[in-house]
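The values are calculated or read from the model by the stated rules, or taken from the named source; none is laboratory data. Here the structure is a predicted model, which is why all the values come from computation and not from measurement. Here the Cβ positions follow ideal geometry from the backbone for every residue, glycine too, while neighbour counts run over all protein chains shown.
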Amino acid sequence: MTLKELHAFYAAATCNSFSTAAARLHISQSTLSKRIATLEDYLQCSLFNRVGYKATLTTLGHELLPKVEKLFELNDQILSISESGRLFDIKCRFGVGEIAASSWLAEFITCATSKYPKLILEPEVRMGHELRKRVLDGHLDFAVVANEPHDMSLAAERIAEVEFQWVMSAQLNEADNSFSHIIKTKSIITMDSHAGASNVLTSWLKGNGYSNKNLIICNNMSAIAGLVGADIGISYLPTGWVAPLIEKRILNVIPNAEKLDNLGYYFCHRSDDKRYMISMMKQLIKSSVDYKKSMLAM
């Protein structure tokens, strides 16, 4: 019995399919199946019920899982005493949203790979609902998403929040550019309902009685900034992210605009994923996350 075989069992037990488990371990599905079969031969028992297209844990498989988790925890603690970073001789797949990708993502990867040279990070940039699903399915090790997940299968910790500003085109030359006038006469350009930032607008509209406000839906923040710059409408954008566009006189802050709620961001992973790597990645993320930065300033 080897650690590779136990890793294969653990991945298959905590992912939604053998193919996803194999992808997490960066091996072929046939190799994963062989390692699990070898472990079952050694233990002389079946660990999975292989019925149809989905394998589920047997009673003995359920009994083995927490024991394997404890074994890996001890193994990680042993490896963590080495300064060579041997613990992170792995690939790590994770997900972030568009705001993170254009603010602190690059610094995080630079910091993490500098501390652990053997670590290979593979980021995905998607909408929050997609990232949560991919974490649950086992495609991603963790994700940083807006709004606290309510699925008990996900563990989440609030790590940051983002402030938003109402913005308009710098071309806007109406005599009355007060917020009350602009909000009544201009369409609001916003992300679609799957984006975390959309909740900020929904809450504000509801609280201020704008249930029938004309909205223009767009699924890309850079495109929204471009549309606002062309005076197609107004929008609300992250304060740090939009700062360079305001400095370059492409956009302007709407004077005396009403404040929007801040948006919380959470580090989330599967509740049953007890790997030491997850807690270490969370600490690295927390030391790097800064939504006030903007790649647009480069």
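Residues of the stretch 176-194 that are of a type in the set (Ser, Thr, Tyr), outside any loop (DSSP other than H, G, I, E, B) and surrounded by 12 or more Cβ atoms within 10 Å (Cβ to Cβ): Thr190 alone. Could you list all residues from the stretch 108-120 that are among the aliphatic types (A, V, I, L, M) and under 18 Å from Glu98 (Cβ atoms)? If the condition is that a residue be among the aliphatic types (A, V, I, L, M) and under 18 Å from Glu98 (Cβ atoms), then Ile109 is the only one that fits. Can you confirm whether Arg35 is crowded, with 20+ Cβ neighbours inside 10 Å, modelled with pLDDT of 80 or more and farther than 30 Å from Ser294 by Cβ? In short, yes. All of (1) of a type outside the set (Gly, Ala, Ser); (2) at pLDDT 90 or above; (3) under 14 Å from the mean Cα position of the chain (by Cα) hold for Gln165 with one exception: (3). Where helices (runs of 4 or more DSSP H) sit wholly within the stretch 1-46, those with at least 2 residues that are aliphatic (A, V, I, L, M) and more than 29 Å from the chain's Cα centre (by Cα) occupy 29-43. Taking the listed residues Leu215, Leu227, Leu205, Leu172, the one that is closer than 25 Å to Tyr266 by Cα and outside the structural domain of Asn147 (by TED's automatic domain parsing) is Leu205, with no other qualifying.
One line per residue, one yes/no per condition, for (1) touching a Ser or Thr at 6+ places or on another chain (Cβ under 9 Å); (2) touching a residue at least 60 places away in the same chain (Cβ under 8 Å):
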{"site": "Met127", "(1), (2)": "no, yes"}
{"site": "Arg132", "(1), (2)": "no, yes"}
{"site": "His150", "(1), (2)": "no, no"}
{"site": "Ala155", "(1), (2)": "yes, yes"}
{"site": "Lys184", "(1), (2)": "no, no"}
{"site": "Ile189", "(1), (2)": "yes, no"}
{"site": "His194", "(1), (2)": "no, yes"}
{"site": "Ser198", "(1), (2)": "yes, no"}
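Close Cβ contacts (under 6 Å, 6 or more residues apart or on different chains) running from residues in the stretch 94-121 that are of a type in the set (Ser, Thr, Tyr) to residues that are assigned to a helix (DSSP H, G or I) comprise Ser102/Met295; Tyr116/Phe88. Within the stretch 132-144, being within 24 Å of Ala13 (Cβ to Cβ) and in contact with a Phe, Trp or Tyr (Cβ under 9 Å, 6 or more places away or on another chain) holds for Val135, Leu140, Asp141, Phe142, Ala143.
Among the criteria (1) surrounded by fewer than 13 Cβ atoms within 10 Å (Cβ to Cβ); (2) touching a helix residue (DSSP H, G or I) at 6+ places or on another chain (Cβ under 6 Å), the one Ser30 does not fulfil is (2).
What residue, among those in the stretch 269-284 that are of a type in the set (D, E, K, R) and within 13 Å of Cys92 (Cα to Cα), is modelled with the highest pLDDT? Filtering the stretch 269-284 for residues that are of a type in the set (D, E, K, R) and within 13 Å of Cys92 (Cα to Cα), the one modelled with the highest pLDDT comes out as Lys282. Assuming Gln283 fulfils every condition listed in (1) assigned to a helix (DSSP H, G or I); (2) crowded, with 17+ Cβ neighbours inside 10 Å apart from one, which condition is it? Only one criterion in (1) assigned to a helix (DSSP H, G or I); (2) crowded, with 17+ Cβ neighbours inside 10 Å is unmet by Gln283, namely (2).
Only residues that are of a type in the set (Gly, Ala, Ser) and outside any strand (DSSP E or B) were counted across the stretch 119-175, and they come to 5.
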